[in-house]
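Nothing in this text is a laboratory measurement; each read-out follows from the coordinates by a stated rule. Predicted model, so just to flag it, every value in this text is computed and none were measured. Here Cβ is always computed from backbone atoms with ideal geometry, including for glycine, and neighbour counts include all displayed protein chains.
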Amino acid sequence: MQRLNYFAVSNLSRMKTIHPEETSATATKLVLPNDTNTLHNLFGGQLMAWMDEIASISASRQCRRVVVTAAVNSVSFDNAIQLGDFVTLKAKVSRSFTSSMEVIVDVYVEHQITGEQKKANQAIFVFVAIDQLGRPIEVPELIPVTEEEKSRHKAALRRKQLSLILAGRMKPSDATELKALFE
Ligand SMILES: CC(C)(COP(=O)(O)OP(=O)(O)OC[C@H]1O[C@@H](n2cnc3c(N)ncnc32)[C@H](O)[C@@H]1OP(=O)(O)O)[C@@H](O)C(=O)NCCC(=O)NCCS
């Protein structure tokens with residue numbers, strides 16, 4: 001009976017469509033001494049934890065399910081973030097597949113005193129929605145609206161194929177979307 005319920009919910013959720021803005025999640029953090037390395041810059045692992053948390057909220061907003069991090073595909077640390085800085089993390093789902101969702105997190109840093117703001121880094125996460133037995137479950141379709149959302153949506157399939165190849169889950173010869181780039 002319980003299983004039937006899961007199927008019913010799963011089928012319903014697939015019929016629903018979501019716009020990226022509905023998955024938007026934002027958080028602002030203050031970099032405190034405990035968050036820094038010996039150079040008084042934000043410790044990369046702390047930033048990863050903040051990004052993972054905000055990305056998981058975004059993914060949950062897409063599917064209203066428990067989600068787990070399946071992969072972190074691209075992280076760049078372009079600018080150091082210093083003690084006392086304000087860090088704003090903005091996460092949005094860029095594409096949903098069957099049970100997985102790609103979430104892009106953009107990170108902005110603001111100097112506490114001068115107010116100067118700049119983009120510090122970006123990371124791309126893959127989350128999978130799971131049922132109460134930990135099995136992947138279908139998620140609603142994401143319909144991109146803006147030009148940036150459409151471009152990120154299109155590129156997400158290439159990133160998924162690359163991620164699956166690197167994880168040994170896909171043969172390079174099956175990565176049609178990636179191969180098309182070189183044809
Ligand atoms: C993520 C997890 C649920 C996947 O389970 P699984 O039995 O391998 O399931 P599947 O093979 O059906 O994969 C499920 C989805 O994840 C995707 N996926 C799995 N690994 C992936 C990777 N490395 N990159 C991109 N997508 C991946 C699959 O393509 C599939 O997507 P789709 O259904 O949208 O097509 C399972 O591996 C798990 O629970 N991992 C631990 C997660 C966790 O604890 N995270 C926190 C780490 S501290």
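Things to note:
- Under the combined filter of DSSP loop state and at most 15 neighbouring Cβ atoms within 10 Å, the stretch 64-172 retains these GluC sites (Glu not before Pro): Glu116.
- Across the stretch 26-33, rounded Karplus estimates of 3J(HN,Hα) from the backbone phi angles (6.51 cos²θ - 1.76 cosθ + 1.60, θ = phi - 60°) give 10, 9, 10, 10, 9, 6, 9, x Hz, Gly and Pro being marked x.
- Cα gyration tensor, the chain - rounded (a/c under 1.5), prolate or oblate: prolate
- Kyte-Doolittle mean at least 0.0 and Cα axial length at least 18 Å: DSSP H helices in the chain: 44-63
- Among Leu157, Leu32, Leu47, the ranking by other beta carbons within 10 Å of each residue's beta carbon, starting with the fewest, stands as Leu32, Leu157, Leu47.
- Over the residues of the chain, the helix contribution to mean residue ellipticity at 222 nm works out to -10500 deg cm²/dmol, using -39500 (n - 2.57) for each DSSP H run of at least 4.
- Proximal lysines to Lys171, defined as alpha-carbon separation beneath 19 angstrom and excluding residues fewer than eight positions away on the same chain: Lys160, Lys179
- Straight-distance crosslink candidates among lysines, where the alpha carbon sits under 17 Å from Lys90 and sequence neighbours closer than 8 are dropped: Lys29, Lys118, Lys119
- Aspartates and glutamates with Cα under 20 Å of Lys150, excluding same-chain neighbours fewer than 8 positions away: Glu21, Glu22, Glu102, Asp106, Glu141, Glu177
- Dipole axis of the stretch 2-141 (+1 Lys, Arg; -1 Asp, Glu on Cβ), positive-most option in Ala129, Asn79, Ser24: Ala129
- Using 0.36 nm per residue and subtracting the Cα-Cα separation, the extra length available between Ser74 and Ala167 on full extension is 32.1 nm.
- Under the convention that each Lys and Arg Cβ holds +1 and each Asp and Glu Cβ holds -1, the size of the dipole of the stretch 2-141 around its Cα centre is about 540 debye.
- Whether the stretch 73-171 is rounded, prolate or oblate, judged on the alpha carbon gyration tensor where a/c under 1.5 counts as rounded: prolate
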